[in-house]
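Below is one structure, written out as C-alpha cells; the observations come after it.
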Amino acid sequence: GNNSGYSMSYDTTQLANGTQTFSVVATGTDGVTTTWPLTLVIANPPVRMYVDTPTDGSTIRGIAKISGWALNKSDISKVEIFEGSSLVGAAANVNLYYPTVNIVYPGYSSGDNSGYSYDLDTTKLADGVHTLKVQATRINGEVVFWNIQVSVDNAPRMYVDTPTSGSAISGVTKISGWALNVSRISKVEIFEGSSLLGATANVNLYYPSVNVVYPGYSSGNNSGFSYDLDTTKLANGVHTLKVQATGINGEVTYWNIQVMVNPPGLLAGQIIVLDPGHGTPDPGAVGPAGSMEKDGNLAIAQRLAKQLRAAGAVVYLTRDGDCSPASPYNKHDDLWSRVNFANALSATLFISIHTNSGIGGYGTETYYSNTYNEFHTETESRKLANSIQNQLVERIGLKDRGVKDGDLTVLNHTIMPAVLVEVAFISNQAEEILIANDNFRENAATGIYKGILAYRGFY
C-alpha cells in the first residue's frame, strides 16, 4: 500500500498529433491484471518547412541549389525532391546549422540545425516549367512538403559583339563575343556556308557582365571568345558568316553576321602618303637584340598600303625599300624630301610610321603638330591622331600613351592632316620581339587602317 506508485516516460514525438487512446495495464506477481483506459491529445509543435532557394517562379539552370529549413519535434531524417510521383533526388545535407529559425520558432529540438541543401542537376530535366515538391520526413515517418514552380532554361546562348552585321571589314578583323553552355564551350568556329574559315584559339575568356544577365551557367564569368579573321582569304564583296559555338556536351548554337569585305570605293578619291621612318644609311633606333627601326617601319607601311589600296585609296610611300628619299643623304634633306613629296602630290593624308626608343619606355603613342603647325591643319590632324591611336591600341594591346603635340618637321610643314605613329618601343626587349613578328606587323597595319576609316566616319 505504501509503495503502490509507478512512473514511466513515453516519447510522444513518435505519435501523430491528435487524440490517442492508451490502456495502462498493471500486472501483479500472481498474474492478475487490471486496466485503466487513458485518452490523451497529442499536441507536439507542427512540422514546419520552407524553401529559401530557388524562389517560386524563378529560372534555374546548370546545378541549382535547393535549400531551406525543416522543423520537427524530432529531427528530420530526410529531405527529398519530387516532380509528380518521380523522385528527382534526396538532399545529402540535412540538419544543417540554421540558428535564425530557432528564434522565430523556438522549442524544437532541431531548431538550431534545421537547414537542408541539395544540388539539383537541372540538365536531367527538360527545359520548361516544372513543379517541384520538396518533402521533409521526420524520424517517425511524418512528412511535410513545399511546392515550388520553376522554369528550367539550359539553352545555349551566344552573341557576336564585333563585327556588327552590315559592317565593312578588311585586313585582319577580330571576331569577338560571348557564348554560354551549361557544360562550358569547347570551341568556336567561323563558317561561310559549309566551309570552315577558322576555329578560334581563344575561348572561355573573362567576360563577367554576361553572368549578371544570365546567371547560373558554370562558364558565366568566362564566356568570351575572340578570333582574328584574315579577310585577304575572302573575295571582296558581301559575305554571310556563321559563328558557331559548341559545348563540351556537343550542343551547338550559332550567330549569323553579314559583312562587306573591302567594299569598293570606301576610300576612293583619297591620296594617302605613308612615310616609313629612316632608311639606309639611317637605321633609326636599334633594339637590344640588334633589330633596326627602319625595317619594322617599312614592313608595317607596306602591309598598310595593301589594305588601303584594297579599299580604293591611291597610296604612295616616301620609300619602298631600304633607302632614304634624299640622295645624297643628310638628315635635313631626308626629312624635307618626305614633306615635299607629300605636298607635291596634294595628298589627302600623311602617315609617318616609326617605332620608339627610350629607357624604360613601353607602349604606343601618336603625334600631331599643334603649336608649330604652319598650315593650320591641327584640328584635323588631332582628330586623325586620336582615331589612329584608339584603333591601334585596341588592335595590338600595348599601353596607351596617348596623343601628343610634336614639334616635328614632317608634321609642321605638310599641307594636309598629318600624324606620326610610334607603334611600340624597339628599345624595350619584349616589344622589340613583337615588332619583328609578322602577325604583330599585320595587326599594327590593321589598327592604323581602321583608325583612318574611323577618321573618315566608317567606324
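The values are calculated or read from the model by the stated rules, or taken from the named source; none is laboratory data. Here the structure is a predicted model, which is why all the values come from computation and not from measurement. Note that we place each Cβ from the backbone using ideal geometry, even for glycine, and neighbour counts take in every protein chain shown.
For (1) farther than 13 Å from S183 by Cβ; (2) in contact with a Phe, Trp or Tyr (Cβ under 8 Å, 6 or more places away or on another chain); (3) assigned by TED's automatic domain parsing to the domain that holds G166; (4) not in a helix (DSSP H, G or I), each residue gets a yes or a no:
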residue: Y217; (1), (2), (3), (4): no, no, yes, yes
residue: Y227; (1), (2), (3), (4): yes, no, yes, yes
residue: T232; (1), (2), (3), (4): yes, no, yes, no
residue: A235; (1), (2), (3), (4): yes, no, yes, yes
residue: H239; (1), (2), (3), (4): yes, no, yes, yes
residue: K242; (1), (2), (3), (4): yes, yes, yes, yes
residue: G250; (1), (2), (3), (4): no, no, yes, yes
Filtering segment 139-176 down to residues that are of a type outside the set (A, V, I, L, M) and touching a helix residue (DSSP H, G or I) at 6+ places or on another chain (Cβ under 8 Å), which residue is farthest from V252 (Cα to Cα)? N140
What are the residue pairs meeting all of these: first residue in segment 1-16, first residue over 30 Å from L71 (Cα atoms), second residue surrounded by fewer than 10 Cβ atoms within 10 Å (Cβ to Cβ), Cβ atoms under 9 Å, and 6 or more apart or on different chains? none
Given the criterion in contact with a His (Cβ under 9 Å, 6 or more places away or on another chain), more than 25 Å from S176 (Cβ to Cβ) and buried (at least 16 other Cβ atoms within 10 Å of the Cβ), identify the matching residue among E374, E422. E422
Could you check D52 against (1) over 30 Å from P156 (Cα atoms); (2) within 60 Å of the chain's Cα centre (by Cα); (3) not basic (K, R) and say which number it fails? (1)
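From the list I426, I433, I448, exactly one residue is under 28 Å from the mean Cα position of the chain (by Cα), closer than 20 Å to G296 by Cβ and of a type in the set (V, I, T). Which is it? Lay out the reasoning, then the answer.
On the way: I426 fails: under 28 Å from the mean Cα position of the chain (by Cα); I433 fails: under 28 Å from the mean Cα position of the chain (by Cα).
Residue meeting the stated conditions: I448.
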State whether the residues of segment 360-367 include one that is among the aromatic types (F, W, Y) and closer than 27 Å to R456 by Cα. yes
Would you be able to tell me the number of residues in segment 146-175 that are touching a Pro at 6+ places or on another chain (Cβ under 9 Å) and not aliphatic (A, V, I, L, M)? 3
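So, I139, is that one within 24 Å of Y116 (Cα to Cα), touching a strand residue (DSSP E or B) at 6+ places or on another chain (Cβ under 6 Å), crowded, with 17+ Cβ neighbours inside 10 Å and aliphatic (A, V, I, L, M) or not? Before the answer, list the steps.
Working: within 24 Å of Y116 (Cα to Cα): yes; touching a strand residue (DSSP E or B) at 6+ places or on another chain (Cβ under 6 Å): yes; crowded, with 17+ Cβ neighbours inside 10 Å: no; aliphatic (A, V, I, L, M): yes.
No; evaluated as a whole, the condition is false for this residue.
Could you say which residue among V129, V79 is farther than 20 Å from V47 by Cα and in a strand (DSSP E or B)?
Working: V79 fails: farther than 20 Å from V47 by Cα.
V129 is the lone residue from the list that is farther than 20 Å from V47 by Cα and in a strand (DSSP E or B).
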Considering residues that are modelled with pLDDT of 85 or more, surrounded by 10 or more Cβ atoms within 10 Å (Cβ to Cβ) and among the polar types (S, T, N, Q), the number found within segment 1-26 is 1
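Just the residues that are assigned to a strand (DSSP E or B), modelled with pLDDT of 90 or more and touching a Ser or Thr at 6+ places or on another chain (Cβ under 8 Å), please, taken from segment 82-104. Quick ask: steps written out before the conclusion?
Pass one, segment 82-104, residues assigned to a strand (DSSP E or B): 82-83, 86-90, 93-96.
Restricting the remaining residues to those that are modelled with pLDDT of 90 or more gives 82-83, 86-88, 96.
Within segment 82-104, E83, L96 qualify.
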Name, by its number, the condition in (1) free of Cβ contacts under 8 Å to residues at least 40 places away in the same chain; (2) in contact with a helix residue (DSSP H, G or I) (Cβ under 8 Å, 6 or more places away or on another chain); (3) farther than 19 Å from R138 by Cβ that does not hold for L96. (3)
Scanning segment 45-76 for residues that are within 28 Å of G128 (Cα to Cα), part of a strand (DSSP E or B) and of a type in the set (V, I, T) gives V51, T53, T59, I60, I63, I66
Members of segment 321-339 that are without any contact (Cβ under 8 Å) to a residue 40 or more places away in the chain and not in a loop (DSSP other than H, G, I, E, B): H332, D333, S337
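In segment 145-158, what residues are loosely packed, with under 14 Cβ neighbours inside 10 Å and at pLDDT 95 or above? Talk me through it step by step, then tell me what you get.
Filtering segment 145-158 down to residues loosely packed, with under 14 Cβ neighbours inside 10 Å leaves 147, 149, 155.
N147, Q149, listed by residue number.
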Residues of segment 105-122 being at pLDDT 90 or above and surrounded by fewer than 19 Cβ atoms within 10 Å (Cβ to Cβ), in sequence order, are S117, D119, D121
Taking the condition of being surrounded by fewer than 20 Cβ atoms within 10 Å (Cβ to Cβ) and within 21 Å of I452 (Cβ to Cβ), how many residues in segment 238-260 meet it? 1
Which pairs have Cβ atoms under 7 Å, sit 6 or more apart or on different chains, and link a residue in segment 372-399 that is free of Cβ contacts under 8 Å to residues at least 40 places away in the same chain and under 16 Å from I300 (Cβ atoms) to one that is buried (at least 20 other Cβ atoms within 10 Å of the Cβ) and among the hydroxyl-bearing types (S, T, Y)? L398/T364
